[in-house]
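Input: a single structure, listed below in structure tokens.
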Amino acid sequence: MPSTGLHLGLSTLFTRKGLLSEEQMASAITKSRQNKHALVSTLVQSKLISARAIAELCYEEYGTPLLDLNEFDLGSIPEEFLNKKLIEKHRCLPLFKRGNRLYIGTSDPTNIAALEDFQFSAGLHAEAILVEEDKLAKALEKILEEDISGLDLGGMDEAALAAIEITDTNNRSDESAGEASDDAPIVIYINKILTDAIRKGASDLHFEPYEKRYRIRFRIDGILHEVSEPPISLAGRLSARLKVMSKLDIAERRVPQDGRIKMKLSRTKSIDFRVSTLPTLWGEKIVMRILDSSSAQLGIEKLGYEPDQEKLYLEMLAKPQGMILVTGPTGSGKTVSLYTGLNILNTEERNISTAEDPVEINLEGVNQVHINLKAGLTFASALRSFLRQDPDVVMVGEIRDLETAEIAIKAAQTGHLVLSTLHTNSAAETLTRLINMGVPGYNIASSVNLIIAQRLARRLCPECKQAEVVPEHELQRLGFSQALITQGFTTFKPVGCEHCSGGYKGRVGIYEVMKMSDEIARTIMEGGNSLQIASQAKAQGMRDLRQSGLLKVIHGVTSIAEVNRVTSFG
């Protein structure tokens, strides 16, 4: 877990020099504790102080040598000093050795604990070298993650592609691949498809057989794109290879099957896939979901919440009991929102248990249970077991029935914080869905603290987005207020370039965050419908999904067309 780096000397220095007020510093310290980020990192990400200003001030105050990491060759770092646990814990980077001294790159020269840990680990005297936080962050990402997007997988030769190691979830090598498919070209082709998907940032891969053709598609930023059309004669061999990799029964083609693949790309980098097969008219359709564990480590500030929405979410996470519900369709980012919350809560002092179907991302320090309906392990039975194991925080993958809802609400009412999801279209509809399940209104009103409805919109590519002129009457029709139109803002449209896909690159969350208030609770108790609940929430200042999307347009993050695509608009 990264050190939060809350060193009093550094915070006092910034306030004494007048760079930050005491209120700003106190807020930054609180945020860094909640997100488990270093203080310097939080200050830079929040744009309270620039990385260069911090480095120069520390240089003047402490006399620590200053190094430009952009001019330093990371490949020259001796491997024996790359203790990745210490690097991640302290956000420091051992750079080079001179005699019996090891020089440690850090953006916080007051972090004496880091120097002591590296000194003990290396058996050398450790000395600090100042580096700028933004450049350090990029270097750490390269060292720790070995991000696959930075590898030239497209340029891998056939030998390298064929040698990619496939292991099962217990990290055993795939020794049975030859039993079903010793066809080297098929192995190379599948490995090339998988590595291409990772390099392009795909979330899902679809292998689809039809009567006269075979199609392979990637879902990139929420949109499916066809990437290959192998001969239909290869359909059986392709599905056999994928099923062998997933440890599935290759002889069974009549019923759906589920499996997992761990693809080892290098000594320190592996990617997990969740695999699902489905018998169709012309063969087995196979869908693979790429499970990105790095998404669980995202800071909440990267998810796209507006400042007031982020503050509300963090406030509810800090409560010792109650229920937080996240809602939206499949693929709307609910899992990432929940995992981000769990990551904030995941401290030594808390006992956290989750029931998931399936467990997509492993979180160290969290007790994760994989639901197995065939064996009788349901959400309800797992939840009942959790309550006998002294939990502080419970996460239920989805509330699907009355039994699960009742146990979750009981847990929220008896001193536990419960996080879960439902499949509804808005925050208000989540409450009426619980009522329709049979949960009494008074139980909902007394247990639910917060409901978050969300969607994912594609981000405009910063390299090629282009300003567009939209008539005032059209802006009014789209939902922009007259005050905003009068104030003036610029809207942008996608163009497309070599850096993006159709003018978009990446995605951002659009949120509707509704706090349970006395007025909303009263509306529920009186049998109010979702429209009445939504109206009450808006009267209290809640922005619906549409309004949150339009804010992203005003900020130049996404386009009007994309907001229209992902939110309701008549």
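The values are calculated or read from the model by the stated rules, or taken from the named source; none is laboratory data. Quick caveat: nothing in here was measured; it's all calculated off a predicted structure. In this analysis, Cβ positions are derived from the backbone assuming ideal geometry, glycine residues included, and neighbour counts consider all displayed protein chains. Calculation scope for accessible area: heavy atoms of the full protein, side chains included, ligands and nucleic acids excluded. Shrake-Rupley method; radii C 1.70, N 1.55, O 1.52, S 1.80 Å.
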Radius 11 Å from Cβ of Asp357, net charge of other residues (Lys, Arg +1; Asp, Glu -1): -3
Among (1) -0.93; (2) -0.84; (3) -0.74, the entry that matches log10 I(q)/I(0) by the Debye sum over Cα atoms at q = 0.09 Å⁻¹ as calculated here: (2)
Cβ-isolated cysteines (cut-off 4.7 Å), the chain: Cys58, Cys92
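Run the accessible area of the chain with a 1.4 Å probe and give the carbon-and-sulfur part as a rounded percent. Spell out each step's value before the answer.
Numbers: 12960 of 27030 Å².
Answer for the chain is 48 percent, counting heavy atoms of protein chains only.
Per residue, what accessible area does the range 324-415 have, given a 1.4 Å probe and all protein chains present, in Å²?
43 Å²
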Computed [θ] at 222 nm, helices only, for the chain once each DSSP H run of length n ≥ 4 contributes -39500 (n - 2.57): -11000 deg cm²/dmol
Antiparallel content of DSSP bridges confined to the chain, in %, to 5: 65 percent
Backbone N within the range 433-454 under 20 Å of label point (7 Å from Gln413 Cα along the Cβ vector): 433-451
Candidate lysines - alpha carbon under 26 Å from Lys85, same-chain residues fewer than 8 apart omitted: Lys31, Lys36, Lys97, Lys135, Lys138, Lys142, Lys262, Lys264, Lys269, Lys302
Net lengthening on full extension, Tyr62/Glu127 (0.36 nm per residue, minus Cα-Cα): 22.1 nm
Extension gain from Ala251 to Val469, taking 0.36 nm per residue of separation minus the Cα-Cα distance: 72.6 nm
Neighbourhood charge, 12 Å Cβ-Cβ cut-off, centred on Gly397 and excluding it, Lys, Arg +1 and Asp, Glu -1: -2
FRET efficiency estimate (nearest 0.05) - Cβ-Cβ, Ile112 to Ile223, R0 41 angstrom: 0.25
GluC sites (Glu not before Pro) within the range 343-379, DSSP loop, no more than 10 other Cβ atoms inside 10 Å: Glu348, Glu349, Glu364
By accessible area with a 1.4 Å probe, ligands and nucleic acids excluded, highest first: order of Tyr189, Tyr59, Tyr313: Tyr59, Tyr189, Tyr313
Extended-chain gain in nm, criterion 0.36 nm per residue less alpha-carbon gap, Asp73 and Lys311: 81.7 nm
Cα centroid separation - the range 321-389 against the range 55-123, whole Å: 37 Å
Cβ charges +1 (Lys, Arg) and -1 (Asp, Glu), total dipole of the chain, debye: 920 debye
Near-label residues of the range 419-452 by backbone N, under 11 Å of a point 7 Å along Cα→Cβ of Leu402: 436-440
